[in-house]
Amino acid sequence: MSLITEKRILLVGGKGGVGKTTVSSALALLAGRREKKVLLVSTDPAHSLADAFGCRIGDNITRLAANIDGLELDPDREVEQHLERVSIQLKRFTRQEMYGAIEKQMRLTRQSPGAQEAAMLERIANTLTLGLKDYDLTIFDTAPTGHTLRLLSLPEAIAAWTQGLLNANQRSEKLAEVLEHLTPKAGRDIDNPLSDPKEHATAGMDARTKAIAETLLTRQRLLQRTRELFQDSEQTALLFVLTPEKLPILETVRTVKILQQERLPLVGLVVNRILPEEAEGDFLAQRRRQEKIHLQQIDQDFSELPRYPIPLQATDIQGIDGLNRMADLLKNAGL
């Protein structure tokens, strides 16, 4: 079986607080050691990627270590930039007196359900294009599970929505042709062809319809390509992180079913923060007994998936040195 770092795209997901950022960052360092040029991208609003590496990252590609660049995508900023682009496009196709209505609609849309996910998805799609062009591996440290699932399911939903708009445009064109055919020809000024209502309609609408359709098709192609990349097991791997505790296990069971229904290439689970045998004391002994039950549940629920056990560390994992130690643990676990 080939190493996970041989893929072109790696998505690391899981419930909040289970160690996704640490695993993502350590895998990036591991891939860098294997001479891969890596782009490590955070889509989590908490931006713990910068905390893990102990440096400022933000929305500009930043060198984190040898062979590794980092990028943090800010959902709020993505919404603002996305709506600004949409507003500019709409104003191209409307009269100036409609600008106020467009800006009002953009303000309302900013607060609408799904606005963040839609904007983030478009940015992820463009980041994927950059990653495939300039890097060997692009790793996404994704937001907590629910956000991730909505993000992964959006390309299909938005493609259907875009197709609906294109169909509406086609119906509008057919209706315009009928109206043009019914337009009375009598009384027009032969010396002034622009006095023909048909020519007024065609000259104004064809260019607008073509521009709108091309914009929508370009977006649809981008999102559909993203969907296909997410489902391409030759290029993409999805790795899930959980801890041996009741709630992360229950959430992962639900999530894995959905991911498999979506035909996403889930390659295994990192079972993080397992108590080491050498941890002493009555309190830890009791925790270990409970943990043993949870580990048995994980083995039973996910018997068909590879599982990569990672022991709990005595101190927080921070900075390049700490992440490199985590990279060693992931390598020893089989990643």
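The values are calculated or read from the model by the stated rules, or taken from the named source; none is laboratory data. The structure presented is a predicted model; accordingly, all values stated were derived computationally and were not measured. Positions of Cβ are generated from backbone atoms using ideal geometry, with glycine treated the same way; all protein chains shown enter the neighbour counts. Note: accessible area is taken over every heavy atom of the protein model, side chains too, but ligands, DNA and RNA are not part of it. Shrake-Rupley method; radii C 1.70, N 1.55, O 1.52, S 1.80 Å.
Worth a mention:
- Looking at segment 230-335, the accessible area is 58 square angstrom per residue; that uses a 1.4 Å probe and ignores ligands, DNA and RNA.
- Diffusion constant of segment 210-335 at 37 °C, which comes from Stokes-Einstein with the Kirkwood Cα-pair radius and 0.692 mPa s, µm²/s: 190 µm²/s
- Full extension of the chain between R56 and Q261 yields a length gain of 70.0 nm, computed as 0.36 nm times the residue separation minus the alpha carbon distance.
- Annotation for segment 65-128: trypsin sites (Lys or Arg not before Pro) lying in DSSP loop with at most 15 further Cβ atoms inside 10 Å of their Cβ are R95.
- Neighbour cut-off at most 14 other Cβ (10 Å), DSSP loop, GluC sites (Glu not before Pro), segment 262-335: E277, E278, E280, E304
- Per-residue extension of 0.36 nm, minus the Cα-Cα distance of Q105 and E228, leaves a gain of 41.1 nm for this segment.
- Per residue accessible area of segment 1-96, 1.4 Å probe, in Å²: 44 Å²
- Each Lys or Arg adds one and each Asp or Glu subtracts one; over the other residues with Cβ under 13 Å from the Cβ of A31, this totals +3.
- The fraction of accessible area contributed by carbon and sulfur in segment 1-61 is 47 percent, rounded to a whole number (1.4 Å probe; ligands and nucleic acids excluded).
- When each of K7/K246; K15/K257; K7/K133 is checked by Cα-Cα distance, pairs over 26 Å: K7/K246
- Amide H contacts under 5 Å for G70, placed H, 5+ residues apart: L40, T62, R63, L64
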